[in-house]
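Everything on this sheet refers to the single structure shown next.
Throughout, read-outs are computed from the coordinates displayed, never taken from laboratory work. All figures in this text were calculated on a predicted structure; none of them were measured in a lab. Counting neighbours? That spans all protein chains shown, and the Cβs are built from the backbone with ideal geometry, glycine included.
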């Protein structure tokens with residue numbers, strides 16, 4: 001069995017494959033590591049490009065676009081390896097980026113997932129939106145990162161160069177133990193895309209696993225390869241999937257107070273979009289809520305069977321509102337957040 005499989009889920013990413021795949025192969029492939037391309041029903045020339053230029057590469061082809069979630073679930077079910085590294089096609093890797101990830105997974109049996117430092121491909125001084133130096137959520141489910149809160153992205157000055165436990169690892173580049181991924185049920189296929197990695201990590205944390213960040217591995221991410229951050233469809237997935245995320249994973253006694261508060265906050269966001277004449281955004285929020293209500297019964301059954309048994313938050317959740325700290329207290333950097341509102345956040349390590 002190959003020890004590490006780097007699995008790239010591709011959808012109409014011929015340009016990214018041309019640009020970044022040679023570097024991934026050159027800096028990653030050895031007797032213990034291989035690269036697998038899972039094509040999610042591309043309609044561009046991705047397949048012909050791969051067959052012509054990389055005829056020996058492992059290639060899995062799907063008949064249609066199954067999204068990030070089901071695409072990876074289907075692909076990883078066909079890959080035999082001890083570790084999976086999920087890698088976006090729009091990422092430039094660096095020398096020796098694989099070994100530090102595998103070393104973290106090897107070191108501690110309680111660690112299920114580890115991510116590298118994610119920096120911006122277009123501006124290498126900056127962290128990149130989708131992960132930066134490790135992901136967290138606040139008590140209302142709003143995600144943020146060491147190095148990125150909302151749209152405020154920090155320069156990387158080494159301020160987060162600590163190997164530390166985090167709450168979620170980015171789906172753009174995460175290493176996960178294959179057995180753990182499969183036992184957990186993988187990604188939630190209904191989510192399709194966006195927030196699915198947070199859901200997976202939260203489920204794993206509810207089972208007692210650790211999610212880690214290591215600065216010894218660095219990659220550069222283009223970002224926005226499928227949908228730009230402000231695209232209405234992406235907004236729809238983010239609002240819908242965030243409600244699903246909360247419903248599935250919040251501990252007993254905290255579910256309904258927090259969920260109701262979150263629904264109100266979403267309504268406030270929709271009013272703000274309306275006042276800004278962003279009608280497509282308002283429609284995206286409304287659609288997200290409607291779809292959440294229609295699938296709530298499905299997730300109610302899931303929660304009864306597989307939901308968290310504890311009444312307490314898992315470690316690394318920020319116990320306060322990140323939005324209040326950002327907008328009213330002007331706390332724009334992760335390092336400015338009070339470490340007392342985390343448990344083992346790594347901020348004081």
Rg to Rh quotient for the stretch 164-288, alpha carbon positions, Kirkwood Rh: 1.00
Gaussian network model of the chain, springs between alpha carbon atoms under 10 Å - residue of 176, 60, 324 with greatest fluctuation: 324
Centroid-to-centroid separation of the stretch 264-286 and the stretch 32-47 [C-alpha atoms, Å]: 37
C-alpha long axis of helix 255-275 to longest principal axis of the chain, angle in °: 90
Per residue, the convex hull volume that the Cα atoms of the stretch 58-160 enclose (Å³): 168
Whole-Å distance, taken between Cα centres, linking the stretch 75-137 and the stretch 205-220: 8
Relative compactness, the stretch 1-114, computed as alpha-carbon Rg over 2.2 N^0.38 Å: 1.04
Stretch gain in nm, segment residue 64-residue 182, where the contour uses 0.36 nm per residue and the Cα spacing is subtracted: 40.2 nm
Rounded to 10°, Cα long-axis angle of helix 279-306 versus longest principal axis of the chain: 80
Mean-position separation - Cα centroids, the stretch 155-179 and the stretch 52-72, in angstrom: 25
The stretch 43-97: Rg to Rh, with Rh as the Kirkwood radius over Cα pairs: 0.96
Most mobile listed residue (233, 298, 148) in the chain, GNM with C-alpha springs under 10 Å: 298
Pairs of alpha carbons in the stretch 266-321 whose separation is greater than 16 Å (percent): 63
Fully extended contour minus Cα-Cα distance, from residue 304 to residue 216, at 0.36 nm per residue: 27.7 nm
For the chain, diffusion coefficient by Stokes-Einstein and Kirkwood Rh (Cα), 25 °C, 0.890 mPa s, µm²/s: 119
Ellipticity estimate at 222 nm from DSSP helix runs (n ≥ 4, -39,500 (n - 2.57)) divided over the chain, nearest 500: -12000 deg cm²/dmol
Within the chain, percent of DSSP bridges classed antiparallel, to nearest 5: 45
Förster radius 30 Å - calculated FRET efficiency between residue 48 and residue 280 (Cβ-Cβ, nearest 0.05): 0.25
Nearest-ten-degree value, helix 98-107 long axis tilted from longest Cα axis of the chain: 60
